[in-house]
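J.: Below is the structure I would like to discuss, written out as structure tokens.
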Amino acid sequence: MRTTTTKIWVEGTILAALAMVLSYIPLGIGSSYSISLGQIPLAIYALRRGPKAGLLAGLVWGLLHFPLGQVYFLSVAQVLIEYPLAFTFAGLTGVTAVKLQQALVKGEEQTVRGQIVSGVFIGVLARYFWHFIAGWIFWGEYAFGGMSPVVFSLVMNGASGLSTGICTVIVLLILYKKFPAIFVPKDAQIEFSTK
């Protein structure tokens, strides 16, 4: 049991590091809008291992921003919300992991796709909720042309979250079609149907 647990955490740490590496690919406009490619490996891991493991991998991803100098700092509260808290909540993608894996076992392709889409958008919504809060409270003074901080944060974080979610869903659905076993850890030892 201990070896399996260690393997799960090592896998999570590696995928969190991969998420951080993908964060260096420039897919943003200014500091307010970006597509977060790091959400892809985190979502895969969370859908393989469930929400607890996903939350911890998200926390690792958020903490990796600090030693790598990828933190926008306005205040301690803002940094805590936008990095450890927001990235941890991205791991909630894993809340659909059990239903996804059950659907894989039964060969229910439509259910599998639905669980992937649901899980991704749960994780993205949870993460970007915290970015929205931080944007509203801490970044509002940078809103364009006197725009309301709430509206500014909702628009910018909403656009970033939606773009990130769509990109993540597209990649995960392609991976499911080509490599469905990616969503089932080898140590789970379950057979699943592929049509």
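J.: Going by alpha carbons, how many degrees (0 to 90, nearest 10) lie between the helix axis of 51-64 and the longest principal axis of the chain?
T.: The angle comes out near 40 degrees.
J.: Taking 8 Å as the Cα distance limit and 6 or more residues as the minimum spacing, I'd like the relative contact order of the range 95-195 as a percentage. Intermediate results must be reported in sequence, preceding the final value.
T.: On the way: 83 pairs, mean separation 33.5, N = 101.
Reported as a whole number, the value is 33 percent.
J.: Sticking with this structure for a sec: Measure nothing but the geometry: give the 0 to 90° angle between the long axis through the Cα atoms of 149-178 and the longest principal axis through the Cα atoms of the chain, rounded to 10°.
T.: 20 degrees
J.: Determine the share of the range 130-190's accessible area contributed by carbon and sulfur atoms, expressed in whole percent, with a 1.4 angstrom probe.
T.: 73 percent
J.: Additional query: Let me know the Rg and Dmax you get for the range 1-70 when you use only its Cα atoms, in Å.
T.: Taking only Cα atoms of the range 1-70, I get Rg and Dmax of 12.9, 46 Å.
J.: May I ask you to give the solvent-accessible area per residue for the range 1-108, in square angstrom, as obtained with a 1.4 angstrom probe?
T.: On the way: 5290 Å² over 108 residues.
For the range 1-108, the solvent-accessible area averages 49 Å² per residue.
J.: Then there's this: Structure shown: which of 52/177; 7/99; 7/52 lie over 21 Å apart, alpha-carbon to alpha-carbon? Provide the component values of the computation, followed by the final result.
T.: Numbers: 52/177 26 Å; 7/99 23 Å; 7/52 15 Å.
Violating the 21 Å Cα-Cα cut-off are 52/177; 7/99.
J.: Let me check against my output: what whole-number percent is the relative contact order of the chain, with C-alpha pairs under 8 Å and at least 6 apart? Walk me through the numbers before you get to the answer.
T.: Working: 306 pairs, mean separation 45.4, N = 195.
23 percent.
J.: So what are the radius of gyration and Dmax for the Cα set of the range 72-195, in Å?
T.: Taking only Cα atoms of the range 72-195, I get Rg and Dmax of 17.9, 57 Å.
The values are calculated or read from the model by the stated rules, or taken from the named source; none is laboratory data. What you see is a predicted model; the values in this text were computed from it and never measured. To get the accessible areas, we keep the full protein, side chains included, count just its heavy atoms, and leave off ligands, DNA and RNA. Shrake-Rupley method; radii C 1.70, N 1.55, O 1.52, S 1.80 Å.
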